[in-house]
Structures are given as C-alpha cells and as structure tokens.
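Presented below is the structure to which this report refers.
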Amino acid sequence: MVMRFEGLDLNLLVALKALLEERSVSKAAERMHTSQPAMSAALSKLREYFNDELLIRTGREMAPTAQAEYLLRPIAEVLGAIQQAMKAKPAFNPREADRVFRITMSDYMASILLPRLLLLVRQEAPGIRIEVLPSDLLLLTRLERGEIDLAICPEKYLSEAHPSALLTQDDYVVVVDQENPCIAYTITLDQYLDMDHVVVNLSNDRSASFEDWFLEHFNIRRKYAVSVPLFSLVPSLIVNTPLIATMHTLLAKQLARHFRIRLVSVPQEFPALREHMQWHRLRDHDLGLAWLRKQLSSITKEMH
C-alpha cells in the first residue's frame, strides 16, 4: 500500500533518512535490505520531488546539500515518533514483556551492572533480552538514529538534546599486586608518579576522563608500561608485576574477589566519575524503558 502526503510516497522518507545518514546509496540500500538500483531510483524520485540534488558526489563520498541538511532532523523525528507510537502500549508488564533492550556502556559499567541486571531480569521479566554495544564515538549517532534504547556514559559525553539522569557516582583506588613489596596500604604522590602504570584509553580519539583530568592538574602524564582499551584487562596485567593502576572503586572491589590484587587509597583527591543514563527525547514516555531505568538505578543504589 502506498501512502502519500502532498504527492510524496511516504515510504520514500524512510529511504531519504537512510540516504542522508549513510551518505551512500550502497550503504543505504544495505541498511534497508534492498538493491542498489532500487535505492538509486528512490533517490531520483526524491530529487525530483524536492527539486534538489540532496546528495552530491565529492570525490569518493557523497555530501548532503543545504536542503538535505535541513530535512534530516525533522524527518528523523517524525519517523521516530511514528515508530514509537506503533510500539507503544498503554501499560508495561515486565513478566509478559517480549522485548530487546539495546544499551551502550563501557566494560566498566557492564562488569558491575550486568550480573545483577540479568539476575533481576530472569526473575522478573524472563521475556526481556539485553544487548550491550560498546561505548564509543558513535554513541550519540546511534542514539539520534534510534539504534539504541539507552546510553550509559560519563557526564562529559552527554548530549544536551536528550533527557538524562544520574545513574551512579564512583571514586578511585590504586590497584597493586597482592604481594607488591614497594606499596603498603598507602601510596605517596611521589611514589605514584614514579611507578609504571597500566592505563585505560577507551579509543584512539577519546581518552579516559581521569587521564584528561590528571594531565590538566599535574601537567604531567603518568608513566605507563601498557595502555589497554578495557578496564577488565587491568588486574591480569597487575598480578605478579610491580605495575600499578588507577581504577574505579566499585569495579576494583569486584575484581579483587577473583584476582590477587590489593586496593590502596589514592595519594590525592581525584575527581569522582559520574555515570549517567541518556535516552532519546521521543522515548520519554516509553514505559518499558522507564522500567529498565528504574531497575538500573535500584542496582547502583544497592552497590553503595
């Protein structure tokens, strides 16, 4: 069935959204599970309707015109609202729900949240599945596109365009091998700066918040022996070595149950890490998502 508005086949709006977000006919076709010729035909119809090229080839890539840039946000919001309206139900019963929640979070948050969340879900909402995606530079893009239900990230990475709520706050400890002869249960700042560290960088372009803060306040980078992309790798690199690491307290306490590591008070007052939940503004009245946020908040309160 072809639905039209002002002479436009509304199915073409879905194609237009994919074209403008992917900036590629082939990638948009793949995303919509259609052929490249069919997507090219859709682009031709859209160009004719809007009397605008919409996408212009610049070298190997395609760039949106000013008209296309103007169209993307309202079209994305309209389609998002329609999608949510079709999914919406007057009530949410977790025991009867059959749903997948897609969440982006760091391995730090996944390590402390997922075991408790899955236990709760299995008991109270057996039809719900959790899909975790890595927290990376595409986080806000995925949120805008409606590809994730919830983003869990530090405060500095939040978008002002969408609602958010504080999930948890955590401080830091220094982690050392259980038998480290150089460190007792305290460490001085001089010792801290003199020792080799295991540091965590979340990506090549986005370092951990702590590392940024440390450089800003001490005007010196910590000496490091190895840099890794996952917090969960840290304890195995500490055991049986003189290396040290600075970790979030909640995660360090959890890992200390499984690794021969010891927690030492930090030599200076370091900044607390504030992790927030963020969701798309069109999902503000999603009762299932509200239920999930409530469970996550309850879990983190029990940890402290």
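Values quoted throughout were computed directly from the atomic coordinates according to the rules given, and no laboratory measurement underlies them. Bear in mind that the values here come from a model prediction, so they are computed numbers and not experimental data. Counting neighbours? That spans all protein chains shown, and the Cβs are built from the backbone with ideal geometry, glycine included.
Figures for the structure shown
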quantity	calculated
Nearest 10 degrees, 0 to 90: helix 209-218 Cα axis against the chain principal axis	50 degrees
For the chain, built as a Gaussian network whose Cα springs stay under 10 Å, the top-fluctuating residue of 44, 164, 227	44
Exceeding the 30 Å Cα-Cα cut-off - candidates 253/294; 45/156; 27/294; 17/294; 156/301; 223/301	45/156; 27/294; 17/294; 223/301
Between helix 36-50 and the chain: long-axis angle, C-alpha atoms, 0 to 90°, nearest 10	70 degrees
Acute angle (nearest 10 degrees) that the helix 107-124 long axis makes with the longest principal axis of the chain, alpha-carbon atoms	70 degrees
Calculated [θ] (222 nm, deg cm²/dmol) that DSSP helices of n ≥ 4 give over the chain, each run adding -39,500 (n - 2.57)	-12500 deg cm²/dmol
Order by protection proxy (mean Cβ within 10 Å, highest first), peptides 137-146, 70-79, 55-64	137-146, 70-79, 55-64
Equivalent ellipsoid semi-axes - Cα gyration tensor, the stretch 126-268, angstrom	31, 18, 13
